[in-house]
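Working notes, structure below.
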Amino acid sequence: MRSAADATEHLNATQYTTILIPQTYNSQQPANYATETDHNFATRDDEEMARQNPNIVITGTPGVGKTTHAEQLAQATGFKHVSVNQIVKDEGFHEGKDEETGSWVVDEDKLLDHLESLPLASTGGYILDWHACDLFPERWIDLVIVLRCDSTLLYDRLTARGYKGKKLEENMDSEIMQVLLDEARESYKEEIVVELRSESNEDVEGNLERVEQWIEQWRKDRQNAEGEE
């Protein structure tokens, strides 16, 4: 199979860059399957064009490996890993826990105010790790990664964490019904939303390699765009 770099097609910097990276999940597909997706930089405003690194959201149902991916990607790239759930807990951006699910009831206004204080839009280089993605303004985000996992494997992971009752049921339903994938596609341009399988260490390694290749191509496109201004 061609690597992402081999498959990258350079067009005009103000048009599209084609990147080979998985977009459609299918549990029957081999681990190295991929489809082409487009990334368009032509519509970025001045603030977005000024940043030298992309911002990436890693989202998915609890248990799919968001934090594992985010931590390893941050280590490999030097990007800053932002665990949104940890911020919610540490800063008290919540109204307590839901009695049925035990999940935090997030104060989204306070959370957004805090995230706005970070140089997300101006400098880039952030990896936002959370179980939802529709909260983040579109102008902040360059790539949305939705991690997916086989339902049987996910069930085992969640029960090992102590999930049960309604909390377990809701998260399993969310994964089976691809709720977060649909949410991502509704909240952002579909061409920046990719779906990656996360069921094994090999999946994680392959995903990180593809994303690192994508980052390098993003930087090249940005440099080309700046050179034509």
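With respect to L153, determine if the residue is out of contact with any Pro (no Cβ under 6 Å at 6 or more places or on another chain) and outside any helix (DSSP H, G or I).
On the way: out of contact with any Pro (no Cβ under 6 Å at 6 or more places or on another chain): yes; outside any helix (DSSP H, G or I): no.
Considered against the rule, which asks whether it is out of contact with any Pro (no Cβ under 6 Å at 6 or more places or on another chain) and outside any helix (DSSP H, G or I), L153 comes out as no.
When you scan region 96-106, do you find a residue that is without any contact (Cβ under 8 Å) to a residue 12 or more places away in the chain and assigned to a helix (DSSP H, G or I), even just one? For region 96-106, residues without any contact (Cβ under 8 Å) to a residue 12 or more places away in the chain and assigned to a helix (DSSP H, G or I): absent. Restricting attention to region 151-174 and to residues that are loosely packed, with under 14 Cβ neighbours inside 10 Å and of a type in the set (D, E), the residue that is farthest from E108 (Cα to Cα) turns out to be D156. For region 150-171, the condition of being touching a strand residue (DSSP E or B) at 6+ places or on another chain (Cβ under 9 Å) and within 21 Å of T77 (Cα to Cα) holds for none of the residues. Of all residues in region 83-121, those being hydroxyl-bearing (S, T, Y), surrounded by 12 or more Cβ atoms within 10 Å (Cβ to Cβ) and within 30 Å of E212 (Cβ to Cβ) number 1. When you scan region 171-211, how many residues do you find that are among the charged types (D, E, K, R), assigned to a helix (DSSP H, G or I) and closer than 12 Å to L143 by Cβ? Number satisfying all stated conditions: 2.
L158 falls short of the stated requirement of being in a loop (DSSP other than H, G, I, E, B) and not acidic (D, E).
Throughout, read-outs are computed from the coordinates displayed, never taken from laboratory work. Here the structure is a predicted model, which means the values were calculated and not measured. Glycine also receives a Cβ, built like all others from the backbone with ideal geometry; neighbour counts cover every protein chain displayed.
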